[in-house]
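Note sheet for the following structure.
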Amino acid sequence: MTPGECLGTAHELCPPIGSMLAQSMLKSLPLVRAAGLCLVMASTSSAAVDRPIVESSDSRGAVRLVSAGRAATIALDADVDPGVRRAATDLAEDAFRVTGIRLGVTTAAPAGSDIVVVGVVGRSALLDRLAGAGKIDLSAIRGQWEASVTAVVTRPWPGVERAVVVAGSDKRGAIYGIYDLSEQMGVSPWYWWADVPVRHRDALFVRAGRYARPAPAVKYRGIFLNDEAPALSGWAYEKFGGFNSRMYAHVFELIGYWGVGAGVVMLALSPFLKKWAHGASDVGPVIGQEEQLSGEPLAHERP
């Protein structure tokens, strides 16, 4: 296993996106260079995958995310971390981008024939109930760094036929597991930055099984933002009125989607950038600031 590979056990969690990702990066290089984005990553290679876990046709034991004009609901704990809530909301929106039908998001008691359950191990009453009832085994990821398990569970609660459970070992593990589903639906991490089109599907199903994302081989992976004019600064002022939370929301969404490759954001030179970054950091990256690569050390802040 090398950094950047899709991670899995019996089946890989990600589709064979290695070549697609490389093409997306090449398509976006003019924009990325103009915006001053430097991706600090070990590799973008991808392991071979036999078949994706999100499909357009039904199969035995599959969870119906979107089917026949109806959508599943994402169930969250009432005290869920804001970053996990944000990623769950993005998943609902990504389903809309693909099918034209938006998933529901609720903190009410799980209900419906097919649902999605998202949480962080040790911090989620929903996951505790499932694990306590023997519905799912979370021991393999407990205490790990940015790991997750995605599993289809049959009859998790009375009145619920099936659930796809995304359990993260920590906040970022849960977030990256959620965005894995988005990418499986067909939403590229570069859908906004490089205008990668989203192919329409009439229906979405998560096939039965258990899929694991182990802790990454490289603990800190990230993006460095270069604020030299007229690159990123000119673009940011034209599109967003400056370096602010509206701009950084797109940066953090990108590294949330691309969880295998990025978990750190380094901000260039200007100290005030940290304020805006913290305001848009619900996706949960590690935030740092680069002062002068030539003479001053990197100062890291860990939320």
In the range 39-79, which residues are in contact with a helix residue (DSSP H, G or I) (Cβ under 8 Å, 6 or more places away or on another chain), closer than 25 Å to Phe252 by Cα and at pLDDT 95 or above?
-> Val54, Ile74, Ala75, Leu76, Asp77
Any hit, the range 123-130, residues being under 11 Å from Ala174 (Cβ atoms) and not in a loop (DSSP other than H, G, I, E, B) | yes
Confirm whether Val251 is over 28 Å from Ala109 (Cα atoms) and surrounded by 21 or more Cβ atoms within 10 Å (Cβ to Cβ).
-> yes
Quick one: which residue in Val160, Val153 is free of Cβ contacts under 8 Å to residues at least 40 places away in the same chain and either in contact with a Leu (Cβ under 8 Å, 6 or more places away or on another chain) or more than 22 Å from Asp81 (Cβ to Cβ) (or both)?
-> Val153
Kindly check whether there is at least one residue in the range 152-164 that is buried (at least 24 other Cβ atoms within 10 Å of the Cβ) and either touching a helix residue (DSSP H, G or I) at 6+ places or on another chain (Cβ under 7 Å) or at negative phi (or both).
-> yes
Over the range 80-95, the set of residues acidic (Asp, Glu), modelled with pLDDT under 95 and part of a helix (DSSP H, G or I) is Asp90
Does the range 90-104 include one or more residues that are more than 30 Å from Asp195 (Cβ to Cβ) and more than 15 Å from the chain's Cα centre (by Cα)?
-> no
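For every residue, the table says whether it meets (1) at pLDDT below 60; (2) closer than 23 Å to Val84 by Cβ; (3) of a type in the set (Ser, Thr, Tyr).
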site	(1), (2), (3)
Gly186	no, yes, no
Tyr191	no, yes, yes
Phe205	no, no, no
Pro216	no, yes, no
Met247	no, yes, no
Leu254	no, yes, no
Pro271	yes, no, no
Ala280	yes, yes, no
Gly288	no, yes, no
Inspect all residues belonging to the range 82-105 and state whether any of them is in the same structural domain as Ser59 (by TED's automatic domain parsing), buried (at least 23 other Cβ atoms within 10 Å of the Cβ), aliphatic (A, V, I, L, M) and more than 28 Å from Asp202 (Cβ to Cβ).
-> yes
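Per-residue answers, yes or no, for (1) in a loop (DSSP other than H, G, I, E, B); (2) in contact with a Ser or Thr (Cβ under 7 Å, 6 or more places away or on another chain); (3) within 19 Å of Thr99 (Cβ to Cβ); (4) among the aliphatic types (A, V, I, L, M):
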residue	(1), (2), (3), (4)
Arg172	no, no, no, no
Tyr176	no, yes, no, no
Trp190	yes, yes, no, no
Ala215	yes, no, no, yes
Among the candidates Leu138, Leu103, Leu130, single out the residue that is farther than 15 Å from Ile178 by Cβ and in contact with a Leu (Cβ under 7 Å, 6 or more places away or on another chain).
-> Leu138
Take Val118 and decide whether it is assigned to a strand (DSSP E or B) and either outside the structural domain of Arg199 (by TED's automatic domain parsing) or surrounded by 15 or more Cβ atoms within 10 Å (Cβ to Cβ) (or both).
-> yes
Could you run through the range 96-115 and say how many residues are in contact with a Lys or Arg (Cβ under 8 Å, 6 or more places away or on another chain), outside any helix (DSSP H, G or I) and more than 17 Å from Val165 (Cβ to Cβ)?
-> 1
Could you tell me which residue of the range 121-148 is surrounded by the fewest Cβ atoms within 10 Å (Cβ to Cβ), considering only residues that are among the hydrophobic types (A, V, I, L, M, F, W, C) and closer than 18 Å to Asp81 by Cα?
-> Ala125
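The values are calculated or read from the model by the stated rules, or taken from the named source; none is laboratory data. These numbers were taken from a predicted model, which means no experiment stands behind them. Heads up, the Cβs are rebuilt from the backbone with ideal geometry, glycines too, and the neighbour counts pull from every protein chain shown.
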